[in-house]
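Okay, structure first, notes after.
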Amino acid sequence: MKKRPLGQNFLIDPNIAQNIIQLAQIQPGEPVVEIGPGKGVLTQLLINEADSLTAIELDPKLSRELQNRFSKSPSFKLIEGDAAKFDYGSLGTGLNVVSNLPYYAATHIMKKLIHYRNNIRSMTLMLQKEVVDRLTAKPGLRSYGSLSVYVQYHCEVQRLLEIPNTAFSPKPKIDSSLIGLKPLPQPRVQVKDPQLFFKMVHSAFFHKRKMLKNNLKDWEHLFNEENGQAQLAGIDLNRRGETLSLNDFADIANHVHTLTAA
Ligand code: SAM
């Protein structure tokens, strides 16, 4: 099969395209950023909806075609470049990002956007269905992991739409889902040391089938014993990481922070 290095699976279903734009709920006057406009199926609709639209496309050939097609519109600006390296801060605040993300870089670009969360009001992103399962997963589910914690810590997360692979050309092997992410004004849980919090979250999920007492060995000297069971911040370390809520992770990390802050 021909390799598609830039994740170029183009949306060909006009109803789904229309649906995505409606679900993005763009407010009058708010700037819109489209990542990977491709052949312009969403761009065409966004241009009617948005007062200003900045599109970032990596492929030079597609960029040329987009420029020829849309440059007449004064609200449209095309940037030929890599969305994973782009400085979104340069576009100001209140950004609404809309994208059918290229699969190969989707998670990476999404994390980059979350990094610029102070500049962003909303993200409406089409991603591989399995990735959306992870982003929306609650504790106890198989797909719950450090990516779920990371995204839910920073954002309001809403699953918006399921999109079958038949809606794209060429047809990818996998289905997609549309997700809405809204950066929270404050992180979902209060954490004294975010770096330590995420380090512990990553460790807790490192070997998914292992108990916390094995995954959190770096902090073993801080464990205490209750009825012969290892505990940390009152949490039974015979549990697995996948059973812990964001609040549980915050309790553990804040407890360790207090014990180790001299
Ligand atoms: N928006 C179009 C649609 O829905 O039909 C195209 C979506 S296609 C899945 C992904 C698009 O992102 C392609 O046009 C591809 O060239 C572009 N792309 C891939 N990697 C990129 C990157 N790092 N930065 C910006 N655009 C990228």
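The values are calculated or read from the model by the stated rules, or taken from the named source; none is laboratory data. As the structure is a prediction and not an experimental result, all values here were calculated from the model. Cβ atoms come from the backbone with ideal geometry, glycine included; neighbour counts cover every protein chain shown. Side chains are part of the model used for accessible areas, which takes the heavy atoms of the whole protein and leaves out ligands, DNA and RNA. Shrake-Rupley method; radii C 1.70, N 1.55, O 1.52, S 1.80 Å.
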Specify which of the listed residues (Arg142, Arg159, Arg117) is at pLDDT below 95, under 24 Å from Phe249 (Cα atoms) and among the charged types (D, E, K, R). Arg142
Anything in region 137-168 that is charged (D, E, K, R) and more than 21 Å from Phe206 (Cα to Cα)? List them, or say none. Glu156, Arg159, Glu162
By residue number, the members of region 143-168 that are part of a helix (DSSP H, G or I) and open to solvent by 40 Å² or more (accessible area, probe 1.4 Å) are Tyr150, Thr166
Could you say whether any residue in region 224-231 is exposed (fewer than 12 other Cβ atoms within 10 Å of the Cβ), of a type outside the set (A, V, I, L, M), out of contact with any strand residue (DSSP E or B) (no Cβ under 8 Å at 6 or more places or on another chain) and on the phi > 0 side of the Ramachandran plot? yes
For region 1-113, please list each of the strands (runs of 3 or more DSSP E) lying entirely inside it that holds at least 2 residues being near the ligand (Cβ under 10 Å from one of its atoms) and either out of contact with any helix residue (DSSP H, G or I) (no Cβ under 8 Å at 6 or more places or on another chain) or touching a residue at least 40 places away in the same chain (Cβ under 8 Å) (or both). 31-35, 95-100
Restricting to region 7-34, count the residues that are of a type in the set (Gly, Ala, Ser) and at positive phi. 2
Matching residues in region 27-51 - criterion: being open to solvent by 20 Å² or more (accessible area, probe 1.4 Å) and under 20 Å from the mean Cα position of the chain (by Cα): Pro31, Gly36
If only one of Lys208, Lys182, Lys213, Lys171 is basic (Lys, Arg), assigned to a helix (DSSP H, G or I) and open to solvent by 10 Å² or more (accessible area, probe 1.4 Å), which one is it? Lys213
